[in-house]
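Engineer: A single structure is presented below for examination.
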Amino acid sequence: MLHDANYKFLYHFTRALQEQQPDVSGVFKTVLTLTGEALRIQHGCLLTFVDHTRIDRIYLLGADHKVALDEPVWDTLVKRGPVGYAYHSDRPIVIRNIVTDPRRATLPPVSFLPATGSVICLPLSKGNHKFGVLLLAHPEVDYFNRQRVELLEEMHSVASSALAAALELQAARTGDTRYHALFDGGVVPIILTDVHGVIQDVNQKACDFLGYPRSALVRVLLSDIYTAGAGAPALTAETLLPEGTQETSIRTTLHDVDGKSIPSLVRVRRVRLDGRMVIEWVFQDVTAQTELEQLRKDLSAMVYHDLRAPLTNIVGSIYKLNTVLQNHENPIVPRLLHIGLRSTRQLQRMVDSLLDIQRLEEGKALLNRQPVEVRVLLADAVQLVQPIATEAGQQILFEAGKDVPTVALDSDMIMRVIINLMENAVKYTPTAGSIRVTAHRDGDGLLFKVSDSGPGIPKEMLGRVFDKFSRVRHQGAPKGVGLGLAFCRLAVEAHGGKIWVESEPGHGSDFMFRLPIVEPAPPEAKVATPPEEARPEPEKPRSAADTHPVHPRLASA
């Protein structure tokens, strides 16, 4: 139990640390000085560590000079002496007589340790984090009795918290200083906002990027220099960084001082700076990449369109030859023409799929919805794929439920979806295997299913089979570029539906897609075209200011 004098001193000790400026050196020296005064000790030191074994700082009792960390005495104290014992065991170590105790390593004469007497070492920690050791020594043997140890333990608890807080604050200040240096000298545009999107600071690269002086950007909403396209998310922390999300990235468009659009990749993350949470926005001009992507798309579309004409001519020519030579004396001729006709039609579907994939990815899906009888659609698709299945020794079974109505859909697009799924099933189904194609009503939608008896799909691939250029990898798998299933996904989604696969290795695969039922529209009555003079004038194009309104403060910058 502490005596009244010790309680008074403990109060004085705690008050002194609370009034101490949050400076690491000051707090460490205060702890050492007051501890020495309380126990009338003149020998002691305080050590902090990094990586558990490497000494970071050393403070000597009553000494203002800097201590050399590479002196052999420190290595000995940590590796074979009482400091190491206390730190690694995480409990106080008392040496009653440093001459006879085996934990007293052989040391050269040093000023902070007496030649004889007793030593106490107390580990410094906060929670589960150990960061240092306090070593005190006295020339008298058995100096650290129960009363002094109790006082030291009370002081140790207060000192550990004060020292840990000082170290954390210094680390935070060091991190903030480094961040500011990197921020100001950054080679990419960086904008800092609060959580509501109000700009707090910008670096010089951001000013050059947007063409505004810093004074025109600070305290302005980030949304004032950002234009969200259709369906694009708002440029706010609430939208992009919901609770639990630390960082993300998006493609968007910014506008400089002249109103010029800048396609940009924006990386967003939360940063704690100067004790508060801010949002860091790092911008990258991707104009060149965007132009290259558009050029690639235009070139691809041109190539695909140019392929269509010669393919149509080839199909027509082979079809005419097949008609003329179907009774040829050599039976191989009609068979070869039939193979050529089927292959060119398959190539036509691939070219159409490439064009449709590009169009669907760009959001330009123009569905030609017409009334379609699903039974007829399935029968036509099976008839086109049946020759391939017959050659592979496979059987195709198809069934349409009696409850399947006539619906409005793009028959050409959905026909190609079913054909792609069946051709995919043919590729993976072994000889003498079977493929089953069904359609039935499922609530307010239609459920289509293509089942095969192939090797199945590994679980890790189930979520990627509908990605462009994705292929199932296993021994003996057929070759391909992985566009058919990507087209299926985009075509089904364009109809407002959903496509998925269920499979287990060794038990085949079920490819399913569900389309909402859209009733065919009644025939529309013809509307007379108004005379030329009665037609309304076309709307005048809006100015850039109307399209991309600019914050008044930015407009005047």
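Engineer: Need the full-extension length gain, Gln284 to Arg269, defined as separation in residues times 0.36 nm minus the C-alpha distance. One decimal, nm. Could you put the intermediate results ahead of the total?
Structural biologist: Details: separation 15, 0.36 × 15 = 5.40 nm, distance 1.48 nm.
Here the segment from Gln284 to Arg269 would lengthen by 3.9 nm.
Engineer: Given a 1.4 angstrom probe, I'd like the percentage of the accessible area of the stretch 314-469 that is carbon and sulfur, rounded to a whole number.
Structural biologist: Working: 4480 of 8270 Å².
Carbon with sulfur: 54 percent of the solvent-accessible area.
Engineer: Starting from the Cα gyration tensor of the stretch 409-454, take the square roots of the eigenvalues, sort them a ≥ b ≥ c, and report rounded, prolate or oblate (rounded when a/c is under 1.5, otherwise prolate if a/b is larger than b/c, else oblate).
Structural biologist: On the way: a/c = 3.98, a/b = 1.65, b/c = 2.41.
In terms of gyration-tensor shape, oblate.
Engineer: Would you mind working out the accessible area per residue for the stretch 331-455, using a 1.4 Å probe, and quoting it in Å²?
Structural biologist: On the way: 5980 Å² over 125 residues.
Averaged over the residues of the stretch 331-455, the accessible area is 48 Å².
Engineer: Suppose each label sits 7 Å from its Cα in the direction of the beta carbon; what would the Gln395-Thr33 distance come out to in nanometres?
Structural biologist: 9.8
Engineer: Moving on to the next point. Find how much the distance from Ala432 to Arg369 grows on full extension, using 0.36 nm per residue of separation minus their present alpha carbon separation; answer in nm with one decimal.
Structural biologist: Numbers: separation 63, 0.36 × 63 = 22.68 nm, distance 3.75 nm.
Using 0.36 nm per residue and subtracting the Cα-Cα distance, I get 18.9 nm.
Engineer: Additional query: According to a simple spin-label model (label point 7 Å from Cα along Cα-to-Cβ), what is the distance in nm between Asn313 and Val257?
Structural biologist: Here the modelled spin labels are 5.7 nm apart.
The values are calculated or read from the model by the stated rules, or taken from the named source; none is laboratory data. Source: prediction; values computed, not measured. Every residue, glycine as well, gets a Cβ built from its backbone with ideal geometry; the counts of neighbours run over all protein chains shown. In case anyone asks, the SASA skips ligands and DNA or RNA and just uses the protein heavy atoms, side chains included. Shrake-Rupley method; radii C 1.70, N 1.55, O 1.52, S 1.80 Å.
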